[in-house]
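Novice: Take this structure, written in structure tokens, and hold onto it; I'll ask about it next.
The values are calculated or read from the model by the stated rules, or taken from the named source; none is laboratory data. Only a predicted model underlies this, so the values are computations on that prediction, with no experimental measurement involved. Every residue, glycine among them, receives a Cβ derived from its backbone with ideal geometry; neighbour counts consider all protein chains shown. Calculation scope for accessible area: heavy atoms of the full protein, side chains included, ligands and nucleic acids excluded. Shrake-Rupley method; radii C 1.70, N 1.55, O 1.52, S 1.80 Å.
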Amino acid sequence: MHFKLNNVIPAILADRPSVRISGIWGQAIEWKKGDFIKITAPSGTGKTTLVHLLYGLRKDYSGEVLYEGKNIQLIDSSELANLRQLHWSIVFQDLRLFPNLTARENIELKRVLQNPIVRVEQIEEMASQLGILSILDQQSMHCSYGEQQRVSILRALMQPFDFIILDEPFSHLDNANKKIAAALIEAECKKRSAGLIITDLDKDEHFDYQVSLNL
């Protein structure tokens with residue numbers, strides 16, 4: 001399982017000088033299952049755009065994004081849905097929780113999209129690790145942003161994946177909670193021999209990265 005980027009340049013960034021010095025835009029890159037990849041970039045250089053390209057949400061770019069040799073732009077909607085349910089998990093920067101559902105219901109939605117690979121009781125075990133056990137039955141709209149980030153992380157761990165894609169997932173967590181969340185994510189990735197792609201504003205030591213790139 002692997003992603004390949006061949007000379008990818010988003011249309012909205014094509015005229016920006018930062019593209020010419022990017023370690024990703026306009027380059028030939030391959031990321032393999034099991035690799036931990038860190039992408040560091042200041043605001044406005046395309047971190048979220050990259051995440052959306054990898055997840056098949058945007059097609060406004062030149063070059064190719066390939067997964068298992070298939071051009072993501074040309075994959076039909078049913079195959080793309082299958083990839084998102086069984087092979088790619090994601091934590092969006094804007095989280096995309098359902099505000100009227102409880103934290104538990106948001107998490108459970110991902111768990112039951114396919115044959116569950118996480119037991120019901122593990123939800124509370126993981127929530128306890130992340131310090132969100134007490135808010136599981138609150139509507140997500142009433143949770144703090146840091147709590148919502150941890151709910152989103154837990155939700156992403158409910159489904160099968162070969163890659164987990166994380167867009168600034170720890171931005172509202174203190175250092176102690178960042179370490180706890182990173183340890184849980186890493187344990188689940190190792191259990192599944194999965195790859196991790198994470199974007200952030202700064203360098204960090206949350207994971208043992210095999211690849212570190214500046215966008």
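Novice: Among residues belonging to region 81-103 that are open to solvent by 20 Å² or more (accessible area, probe 1.4 Å), in contact (Cβ under 8 Å) with a residue 12 or more places away in the chain and not in a loop (DSSP other than H, G, I, E, B), point out the one that is farthest from M158 (Cα to Cα).
Specialist: Here the residue is T102.
Novice: Name the residue, out of G56, G26, that is at pLDDT 95 or above, under 20 Å from A194 (Cβ atoms), in a loop (DSSP other than H, G, I, E, B) and open to solvent by 10 Å² or more (accessible area, probe 1.4 Å).
Specialist: After ruling out the rest, the residue left standing is G56.
Novice: Search region 176-195 for residues that are closer than 11 Å to D35 by Cα and pair each with any residue that is open to solvent by 60 Å² or more (accessible area, probe 1.4 Å) when their beta-carbon atoms are under 7 Å apart and the residues are at least 6 apart or on different chains.
Specialist: Between residues of region 176-195 that are closer than 11 Å to D35 by Cα and residues that are open to solvent by 60 Å² or more (accessible area, probe 1.4 Å), the close pairs are S193/K33; A194/K33; G195/K32; G195/K33.
Novice: While we're on this one: Filter region 30-47 down to the residues that are modelled with pLDDT of 95 or more and open to solvent by 20 Å² or more (accessible area, probe 1.4 Å) and list them by number.
Specialist: The answer is E30, K32, K33, G34, D35.
Novice: Next up: Quick check on region 59-80: of everything there that is free of Cβ contacts under 8 Å to residues at least 24 places away in the same chain and among the polar types (S, T, N, Q), which residue is most open to solvent (accessible area, probe 1.4 Å)?
Specialist: S77
Novice: Taking the options S134, S152, name whichever one is modelled with pLDDT of 95 or more, open to solvent by 40 Å² or more (accessible area, probe 1.4 Å) and polar (S, T, N, Q).
Specialist: S134
Novice: Go through region 1-23 residue by residue and tally those that are open to solvent by 30 Å² or more (accessible area, probe 1.4 Å) and assigned to a helix (DSSP H, G or I).
Specialist: Residues in region 1-23 being open to solvent by 30 Å² or more (accessible area, probe 1.4 Å) and assigned to a helix (DSSP H, G or I): 6 in total.
Novice: Criterion first (open to solvent by 30 Å² or more (accessible area, probe 1.4 Å), assigned to a helix (DSSP H, G or I), in contact (Cβ under 8 Å) with a residue 24 or more places away in the chain and closer than 25 Å to L57 by Cα) does Q129 satisfy it?
Specialist: no
Novice: For region 35-53, which positions are in contact (Cβ under 8 Å) with a residue 60 or more places away in the chain, part of a loop (DSSP other than H, G, I, E, B) and either over 12 Å from I197 (Cβ atoms) or over 16 Å from the mean Cα position of the chain (by Cα) (or both)?
Specialist: A41, P42, S43, T45, G46
Novice: Also: I'd like the full set of residues that are touching a residue at least 12 places away in the same chain (Cβ under 8 Å) and assigned to a loop (DSSP other than H, G, I, E, B), limited to region 104-115.
Specialist: Answer for region 104-115, where residues must be touching a residue at least 12 places away in the same chain (Cβ under 8 Å) and assigned to a loop (DSSP other than H, G, I, E, B): L113, Q114.
Novice: Are any residues in region 169-215 among the small types (G, A, S), surrounded by fewer than 21 Cβ atoms within 10 Å (Cβ to Cβ) and under 23 Å from D94 (Cα atoms), and if so, which ones?
Specialist: S171, A176, A183
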